[in-house]
């Protein structure tokens, strides 16, 4: 089974404390050159981008700043709409979602409603009150407008793996997941970073990836009443280099993860994979979150860049 591939090409990212800004600004020509090389002869490469909604405080800046710049050679946008209103009030949120669908139009491949709504961290939406209602109503609104405009647009949301059996996110979502929501839902994204926050022996990686994917499909999604006909896609996955973290190991982890995802894609209905991220925020920094790129902060490639290019060429949809 072939996969839709994508990547986040911006420099800004979030860590467990908030927003990390890149040491160098985005260089659109260098980014476009890298995206062209990764895409090769495949039909498309999805460009992941983030926009944030907040009514009572200044919203976080969109990233990358002008993603349309990179929509060449058939590339389309994988757009994330974050719900960051501190009060949890939905006023203005649904119009924000609808406007994003109307504005993006045929340039959109997918719209993800909310960012990691089950993770209570400062930079993601699980820390925002009322996020579950924002998720459900946002998915319905996005799909309604996509249908009205005749757009071939996948609408979904994402989450991180749940390791706490007492976690109530999926059962609470299931209590809100009415027919409107389930008819509007095309995919559920998974953000996961095996061997990053919980180190694994090299021989354990493929089994760990398989276990996370299987639990996501057969435990988490089932608890929410989400059927197997709704695809899973890997929305964010990566492995940072840096002090004590070898660049060759990054390439090896990427190869193992993507091949494991592809091997389970038919069984678990997985339709896509996106790498996070194209380049480092700061290749000289000591922090773990600064080094997720396939490229260093000066756009010089790491070995994993060629690994991802080869995997897209072999496993991508032409």
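Computed from the coordinates by the stated procedures, all read-outs in this text should not be read as laboratory data. All values reported here derive from a predicted model rather than from experimental measurement. All Cβ positions, glycine included, derive from the backbone under ideal geometry; neighbour counts span all protein chains shown.
Based on the Kirkwood radius over alpha-carbon pairs, what is the Stokes-Einstein translational diffusion coefficient of the stretch 169-268 at 25 °C with 0.890 mPa s viscosity, in µm²/s?
Details: Rh = 14.9 Å.
Diffusion coefficient, whole number: 165 µm²/s.
Starting from 0.36 nm per residue, how many nanometres of slack lie between residue 176 and residue 206 once their C-alpha separation is accounted for? Kindly include the intermediate steps, with their values, before the conclusion.
Numbers: separation 30, 0.36 × 30 = 10.80 nm, distance 3.41 nm.
Extra length from residue 176 to residue 206 when fully extended: 7.4 nm.
Would you calculate a helix-derived [θ] at 222 nm for the chain, using -39,500 (n - 2.57) for each DSSP H run of n ≥ 4 and dividing by the full residue count, to the nearest 500? Display every interim value, and only then the final one.
Working: 8 runs with 102 residues, N = 318.
Helix-only estimate at 222 nm: -10000 deg cm²/dmol.
What do you get when you divide the Cα radius of gyration of the stretch 12-68 by 2.2 N^0.38 Å, with N the number of residues?
Working: Rg = 14.2 Å, N = 57, 2.2 N^0.38 = 10.2 Å.
Compactness ratio reported: 1.39.
Alpha carbons only, please: Rg and Dmax for the stretch 233-311, in angstrom.
In Å, with Rg to one decimal and Dmax whole: 12.9, 41.
What FRET efficiency, computed as 1/(1 + (r/R0)^6) with R0 = 22 Å and r the Cβ-Cβ distance, is obtained for residue 16 and residue 284, rounded to the nearest 0.05? Working shown, then result.
Numbers: r = 21 Å, r/R0 = 0.93.
Plugging the Cβ-Cβ distance into 1/(1 + (r/R0)^6) gives 0.60.
Binning at 20 Å from 0, report for the stretch 4-315 what percent of all alpha-carbon pair distances ends up in each bin.
34, 61, 4
Give the dimensionless ratio obtained when the Cα radius of gyration of the stretch 127-186 is divided by 2.2 N^0.38 Å. Intermediate results must be reported in sequence, preceding the final value.
Numbers: Rg = 13.0 Å, N = 60, 2.2 N^0.38 = 10.4 Å.
Expressed relative to 2.2 N^0.38 Å, the Cα Rg reads 1.24.
Could you calculate, for the stretch 65-217, the ratio of the Cα radius of gyration to the Kirkwood radius, expressed as Rg to Rh?
On the way: Rg = 16.7 Å, Rh = 16.8 Å.
Using only Cα positions, Rg/Rh for the stretch 65-217 is 0.99.
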